[in-house]
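The values are calculated or read from the model by the stated rules, or taken from the named source; none is laboratory data. Nothing here was measured: the structure is a model prediction, and the numbers come from that model. A quick note on method: Cβ atoms are made from the backbone with ideal geometry, for glycine too, and the neighbour counts reach across all protein chains shown. We work out accessible area using only protein heavy atoms, side chains counted, and drop any ligands, DNA or RNA first. Shrake-Rupley method; radii C 1.70, N 1.55, O 1.52, S 1.80 Å.
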Amino acid sequence: MVDFKEPIKKYYRALPWITLKEFLMIIVCTIPYALTVNQLLVPHAIVGGGLTGLCEIIYFATNTYVPIWLSSALINILLLIIAAITVGWRYVVRTIWGVFWLTFWLKVIPIAPVPLLTDSFMAVVIGGLFTGCFLGICFLNNGSTGGTDIVAMIVNKYHHLPMGRVLLMADMMVISSAFFLPTIQAAGTQGAIEKILFGLTYTFMSSTAVDWIMNRMRQSVQFMIFTQKPDEIAKAIITQAHRGCTFLDAEGGYNKKPMKVVTCIARSYESATIFRLVHAIDPNAFVSQSQVRGVFGQGFDPMTNGK
């Protein structure tokens, strides 16, 4: 009798935990996005940027006949097919996962008849920060919610335009086109302009929060440790802080004595641990700490496409 359990066990043992964690984080991070759209933006008739904003326009233009989740799913499927042909399936796989769960939450979470926050300005500010923080975490886990991200990726491949510029242009076009919606025009010219400004504010807050989260989580520091006990300090950093070290041969400028300098790169939040270890071993050590922008390799961000 053929045993099917053993191959399945081997598969799950071989599945990297980091990949499983990333897929779970993508599921969790798409919830706040859908929550903000259905509970804050749509009840206030505020159109955000990206594909979700375009789906809001379709929703309002059809007098709520076409649900946001349905138009989002259909447009994303079309974009994913184009991306698979142009960019490749490797990029598309994770995007399909993010698109599926965003569509799922947009359908499951109902559109609130009364917004959670009655003040429109507070709704876009809090909603933008809320969405942006979780989208930043999603991006750090190599996730994507599809939409204009796919468009930017395709345009970037053939025209080498910065993705940020493409996304900004797409957001501006979507939000500005909402001005002509009957739902927004009903508020009068001044009210319609306010709705557009609210949409721009939401996009600005969201993108700012994304950048802050990604920069904060990826921020690294480099240590240059001048000490008489390089071996002990290096061993402590490797075994307790779990960071690699490198010895550099140096010579004192005054006494001309040879010495070893311990260098180490770590995340910012690990700085306190390294300082504590150095001080415990050699209180007279001279330590230089500097910010590092972009660290790629084992233990840090993976290198992709030579970047």
**Fill in**
Taking the alpha-carbon centre of each part, the distance from segment 184-235 to segment 113-148 in Å is 13 Å
**Request:** Please give the solvent-accessible surface of residue 44 in Å², to the nearest 10, using a probe radius of 1.4 Å with every protein chain present.
**Result:** 20 Å²
**Asked** Quick one: if you stick a label point 7 Å off each Cα along the C-beta vector at residue 142 and residue 204, how many nm between them?
**Response** 3.5 nm
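Assuming R0 = 22 Å, what is the FRET efficiency of residue 85 and residue 24, from their Cβ-Cβ distance, to the nearest 0.05? Don't skip to the answer; put the middle values down first.
On the way: r = 29 Å, r/R0 = 1.33.
It comes to 0.15.
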**Asked** Points 7 angstrom from Cα along the Cβ direction at residue 93 and residue 190: gap in nanometres?
**Response** 5.6 nm
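Provide the FRET efficiency to the nearest 0.05 for the residue 70-residue 219 pair, computing r from the beta carbons and using R0 = 45 Å.
Numbers: r = 40 Å, r/R0 = 0.89.
It comes to 0.65.
Assuming 0.36 nm per residue, please report the length gained on full extension of the stretch residue 118 to residue 289 beyond their Cα-Cα distance.
Numbers: separation 171, 0.36 × 171 = 61.56 nm, distance 4.71 nm.
Gain on stretching residue 118 to residue 289: 56.9 nm.
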**Item:** Counted charge near residue 47, where neighbours are those whose Cβ lies closer than 12 Å (Asp, Glu -1; Lys, Arg +1)
**Value:** -1
**Fill in**
At R0 = 41 Å the Cβ-Cβ FRET efficiency linking residue 211 and residue 180, nearest 0.05, sits at 0.85
